[in-house]
Amino acid sequence: MRYLTAAKAATYALLSFSSIASAWPTYNLHNSQFAKRQGPGDLPSQGGQTEEPVFNEEYDFIVAGGGTAGLVLANRLTESGHFSVLVLEAGPSPEQVLAYESPGGNQFIKGSVIDWGLLTTPQEHLNNRTLQYLRGRTLGGSSTTNGLYYARGSASVYDHWAKLGNPGWSWNDVYRLFKKSTKLNAPTSTAELSAFSQEYKTFNEDAYSDGPLQLGFQGYVPPSTEGFVVACSEAADIPIVEDLNLGDGEGVKHGTTTMDSMLRRSSSYDSFYQQARNRTNLKVLHDAPVTGIVMSKPSATNSTSKPRAIGVSYINQITGFVSQARARNEVIVSMGAFHSPQLLMVSGIGPADELEKVGITPVVVNENVGHHLNDHSVFSIMARAQDNASTTDMSRTPQNLRAAQEAFYQNLTGQYTAPSGVTNGFQKLSEQQLRDIGAQAVIDAGLANQTHIEYLFESVWYPWIPTPYWAPLSNDSYISVTASSMVQLSRGTVSLRSASMSDPPSSTATTTPTPPTAPSELLHSSTSALSFATRPCRASLSARILVKSALVPRLLMTTTKLSSSTSRRIPFPTGMLRVRTRCCRRRKVVLWIVG
Ligand SMILES: Cc1cc2nc3c(=O)[nH]c(=O)nc-3n(C[C@H](O)[C@H](O)[C@H](O)COP(=O)(O)OP(=O)(O)OC[C@H]3O[C@@H](n4cnc5c(N)ncnc54)[C@H](O)[C@@H]3O)c2cc1C
């Protein structure tokens with residue numbers, strides 16, 4: 001994995017000196033050699049040069065990574081007032097990119113200073129393409145930059161985790177906490193907002209309470225979004241439900257979003273951090289990347305004593321000082337799926353070969369670190385649409401965008417009140433259906449009793465980037481349906497490029513079919529029937545897609561060309577692919593890809 005942008009945190013750190021940063025760890029500069037302007041040879045020795053680590057500061061808990069989970073933990077740990085907590089976040093305050101707050105502004109975050117801009121290594125099973133791996137690099141982490149969709153998993157999944165030996169993770173355990181942490185804002189909070197369609201913005205108030213994380217619904221609803229809900233039910237037998245956060249998991253409706261009643265994002269930073277920010281036992285530093293975990297030295301008297309994490313080293317990029325902070329109780333690593341294993345390995349915890357490859361002496365050998373990377377792969381079908389079924393035109397010209405932004409900021413109206421897509425359908429397949437599409441591996445893995453496919457509707461060309469096969473035309477409007485596997489069996493890895501946290505980790509995505517001879521379950525998400533209707537233009541598209549592994553990258557090209565009745569053969573690496581589309585009653589377009 002490498003960084004997409006060359007932006008260095010230090011540059012932005014200069015711009016981001018805020019109240020959060022006021023409580024810096026301090027050197028005693030007034031009494032220092034620096035203050036006396038003496039020569040460098042007289043400077044006192046720094047931590048790391050002596051046998052025992054030298055700590056500048058001390059807390060009960062240190063949270064490495066002030067992202068989604070990190071700020072929740074910081075809030076809970078400081079609630080009683082009994083513990084002091086230091087949170088260290090590599091990125092800046094999210095106010096650096098204010099677009100993060102608004103639903104329509106979500107499209108501007110990618111590649112900004114609050115995104116890590118990671119890329120995978122070339123993916124053998126995706127024609128050696130590299131993939132973008134977006135990750136939030138700011139207080140609130142990826143909850144500050146994500147797609148705003150709020151969803152809880154199937155109860156059976158949590159119960160399965162508990163049965164595997166993880167007490168406290170059953171559905172009954174987590175449901176209580178989900179409920180405690182959230183507040184759902186009914187969609188008609190203002191006159192302006194109640195002007196938007198409320199159909200399918202339903203919820204069961206028992207599933208929420210008065211927690212810090214604010215939930216709500218998108219404002220503007222393109223008619224195609226409602227068509228998608230109906231079509232999920234008609235074509236894929238996905239029931240239209242009142243609420244998707246009750247543990248059943250199966251169904252379709254307008255999604256709950258992490259937005260408050262005034263359509264502002266409610267990230268971990270806006271919710272859990274804001275609730276706790278004035279506690280005197282909490283110190284949160286942004287622009288403060290953690291560079292290593294300080295491990296205890298082996299005991300001279302007890303050869304069986306295990307090494308312990310006793311602190312962290314970090315750089316305060318605003319002062320430029322390097323510091324070592326001691327944790328009396330625990331160091332908590334919450335730096336996300338890529339940087340957490342990287343920090344462990346850089347600190348000597350991980351597979352011996354991996355560490356020795358970059359010259360790190362192992363402190364704790366653990367072959368699992370950096371393995372089992374689990375992600376959900378998605379495939380999108382993009383289609384041209386009438387302007388009023390899409391929100392593509394909002395960003396077509398600077399004038400359009402400005403008008404949409406003004407409507408949002410002045411009156412809470414217009415297309416900018418909605419992210420491009422937060423209405424998803426969750427489909428559960430029977431064991432027979434799984435077998436029929438060649439997904440026996442999913443059953444064997446014990447994943448039959450849960451939802452299997454998530455369909456995401458977007459009122460734009462999604463994902464936002466041109467594909468290698470087709471680029472959106474500037475005058476066209478688009479809608480997209482994306483199928484996402486919820487039963488991913490493939491696993492990826494995170495490995496080291498160097499012994500330093502200042503180099504990005506190297507990552508393979510989760511695209512390798514597992515086992516190699518079985519059809520990847522990744523494809524199973526695409527092997528399902530789906531139909532969606534774009535009312536009121538009364539056109540609907542249904543796709544039955546049967547593809548084999550090698551055909552998948554071509555899927556995008558094929559489906560984006562789908563606009564009229566046609567039948568053609570397209571060359572593929574494994575032979576010809578027959579594609580048939582036909583228009584039928586009510587301008588229904590049906591597509592088959594038969595691999
Ligand atoms: C573009 C995008 C869209 C998404 N959409 C959705 C969605 O709609 N719904 C949904 O439920 N999920 C979504 N997700 C997934 C979800 O947001 C993440 O799974 C979740 O936020 C991860 O939380 P985390 O605490 O594990 O990591 P993060 O929230 O990423 O936090 C990790 C933090 O550690 C920091 N860090 C990294 N290295 C260091 C270091 N050396 N020192 C100090 N700090 C460091 C990072 O800057 C970051 O702030 C999306 C994710 C992305 C990226």
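The values are calculated or read from the model by the stated rules, or taken from the named source; none is laboratory data. Treat the numbers as computed from the prediction; the structure is a model and nothing was measured. Using ideal geometry, Cβ is built from the backbone for each residue, glycine included, and neighbour counts are taken over all protein chains shown.
One residue stands out among those in the stretch 77-99 that are outside any loop (DSSP other than H, G, I, E, B) and without any contact (Cβ under 8 Å) to a residue 40 or more places away in the chain: the one that is nearest to the ligand (Cβ to nearest atom), which is ALA99.
If you go through the stretch 120-130, how many residues are surrounded by 19 or more Cβ atoms within 10 Å (Cβ to Cβ) and either aliphatic (A, V, I, L, M) or within 7 Å of the ligand (Cβ to nearest atom) (or both)?
Residues of the stretch 120-130 surrounded by 19 or more Cβ atoms within 10 Å (Cβ to Cβ): 120, 125.
In the following step, the residues that additionally are either aliphatic (A, V, I, L, M) or within 7 Å of the ligand (Cβ to nearest atom) (or both) were identified as none.
Residues that pass the stated criteria total 0.
Exactly one residue out of ALA276, ALA300, ALA288 is loosely packed, with under 14 Cβ neighbours inside 10 Å and of a type in the set (A, V, I, L, M): that is ALA300.
Just to verify a result, which residue in the stretch 143-155, among those that are assigned to a loop (DSSP other than H, G, I, E, B) and over 18 Å from SER93 (Cα atoms), is nearest to the ligand (Cβ to nearest atom)?
First pass over the stretch 143-155, keeping only residues assigned to a loop (DSSP other than H, G, I, E, B): 145-148, 151-154.
Subset that is over 18 Å from SER93 (Cα atoms): 147-148, 151-154.
Working: GLY147: 3, LEU148: 6, ALA151: 6, ARG152: 9, GLY153: 10, SER154: 14 Å.
For the stretch 143-155, the residue satisfying everything is GLY147.
Among residues belonging to the stretch 197-235 that are surrounded by fewer than 18 Cβ atoms within 10 Å (Cβ to Cβ) and acidic (Asp, Glu), point out the one that is modelled with the lowest pLDDT. If we take residues in the stretch 197-235 being surrounded by fewer than 18 Cβ atoms within 10 Å (Cβ to Cβ) and acidic (Asp, Glu), then GLU234 is modelled with the lowest pLDDT.
So, of the residues in the stretch 441-478 that are in contact with a Pro (Cβ under 8 Å, 6 or more places away or on another chain) and touching a residue at least 24 places away in the same chain (Cβ under 8 Å), which turns out to be nearest to LYS110 (Cα to Cα)?
Here is the first cut: in the stretch 441-478, the residues in contact with a Pro (Cβ under 8 Å, 6 or more places away or on another chain) are 441, 459, 461, 466, 468-469, 472, 478.
Next cut, touching a residue at least 24 places away in the same chain (Cβ under 8 Å) only: 441, 459, 461, 468-469, 472, 478.
On the way: ALA441: 35, SER459: 18, TRP461: 15, PRO468: 19, TYR469: 22, PRO472: 18, TYR478: 20 Å.
Per the criteria, the residue is TRP461.
Can you spot a residue in the stretch 26-46 that is away from the ligand (no atom under 15 Å from the Cβ), part of a strand (DSSP E or B) and either at pLDDT 95 or above or over 22 Å from the mean Cα position of the chain (by Cα) (or both)? Within the stretch 26-46, not a single residue is away from the ligand (no atom under 15 Å from the Cβ), part of a strand (DSSP E or B) and either at pLDDT 95 or above or over 22 Å from the mean Cα position of the chain (by Cα) (or both). The number of residues in the stretch 416-437 being surrounded by fewer than 22 Cβ atoms within 10 Å (Cβ to Cβ) and either among the hydroxyl-bearing types (Ser, Thr, Tyr) or free of Cβ contacts under 8 Å to residues at least 24 places away in the same chain (or both) comes to 6. Scanning the stretch 413-451 for residues that are closer than 20 Å to GLN488 by Cβ, small (Gly, Ala, Ser) and touching a strand residue (DSSP E or B) at 6+ places or on another chain (Cβ under 7 Å) returns a single hit, GLY425.
Give me the helices (runs of 4 or more DSSP H) completely within the stretch 349-468, filtered to those with at least 2 residues that are farther than 30 Å from ALA235 by Cα and polar (S, T, N, Q), ordered by residue number. Let's see the steps before the verdict.
Details: elements: 352-357, 398-411, 431-436, 440-444.
It comes to 398-411.
Confirm whether GLY70 is within 23 Å of GLN214 (Cα to Cα) and within 9 Å of the ligand (Cβ to nearest atom). Yes; evaluated as a whole, the condition is true for this residue. Of everything listed in (1) modelled with pLDDT of 95 or more; (2) under 22 Å from ASP375 (Cβ atoms); (3) more than 7 Å from the ligand (Cβ to nearest atom); (4) surrounded by fewer than 21 Cβ atoms within 10 Å (Cβ to Cβ), the single unmet condition for SER102 is (2). I'd like the full set of residues that are surrounded by fewer than 21 Cβ atoms within 10 Å (Cβ to Cβ) and not hydrophobic (A, V, I, L, M, F, W, C), limited to the stretch 367-382. Selection gives GLU367, ASN368, HIS371, HIS372, ASN374, ASP375, HIS376, SER380.
The number of residues in the stretch 131-142 being near the ligand (Cβ under 7 Å from one of its atoms) and either out of contact with any Gly (no Cβ under 7 Å at 6 or more places or on another chain) or among the charged types (D, E, K, R) (or both) comes to 3.
Assessment of the stretch 333-345 against the conditions (in contact (Cβ under 8 Å) with a residue 60 or more places away in the chain, of a type outside the set (D, E, K, R) and away from the ligand (no atom under 16 Å from the Cβ)) yields no matching residue. Within the stretch 330-348, the set of residues being outside any helix (DSSP H, G or I) and β-branched (Val, Ile, Thr) comprises VAL331, ILE332, VAL333. Screening the candidates SER313, SER323 for the property of being more than 14 Å from GLY65 (Cβ to Cβ), within 11 Å of the ligand (Cβ to nearest atom), over 23 Å from the mean Cα position of the chain (by Cα) and surrounded by 16 or more Cβ atoms within 10 Å (Cβ to Cβ) yields one hit, SER313.
Restricting attention to the stretch 271-327, and to residues there that are out of contact with any helix residue (DSSP H, G or I) (no Cβ under 9 Å at 6 or more places or on another chain) and among the aromatic types (Phe, Trp, Tyr), which single residue is farthest from ILE62 (Cα to Cα)? Step by step, filter the stretch 271-327, then rank; the result is PHE321.
Comparison of LEU184, LEU193, LEU177 shows that the only residue that is within 16 Å of the ligand (Cβ to nearest atom) and closer than 21 Å to PHE217 by Cβ is LEU184.
For the stretch 161-181, the criterion of being in contact (Cβ under 8 Å) with a residue 60 or more places away in the chain, over 29 Å from ALA448 (Cα atoms) and either among the charged types (D, E, K, R) or not in a helix (DSSP H, G or I) (or both) is met by no residue. Would you confirm whether or not the stretch 490-498 contains a residue that is over 21 Å from ASN128 (Cα atoms) and either within 16 Å of the ligand (Cβ to nearest atom) or at pLDDT 90 or above (or both)? Yes, that holds for at least one residue. THR413 fulfils the conditions (1) surrounded by 21 or more Cβ atoms within 10 Å (Cβ to Cβ); (2) within 19 Å of ASP393 (Cβ to Cβ); (3) not charged (D, E, K, R) except for a single criterion, (1).
For ASP243, indicate whether it is of a type in the set (Asp, Glu) and either without any contact (Cβ under 8 Å) to a residue 12 or more places away in the chain or touching a Ser or Thr at 6+ places or on another chain (Cβ under 6 Å) (or both).
no
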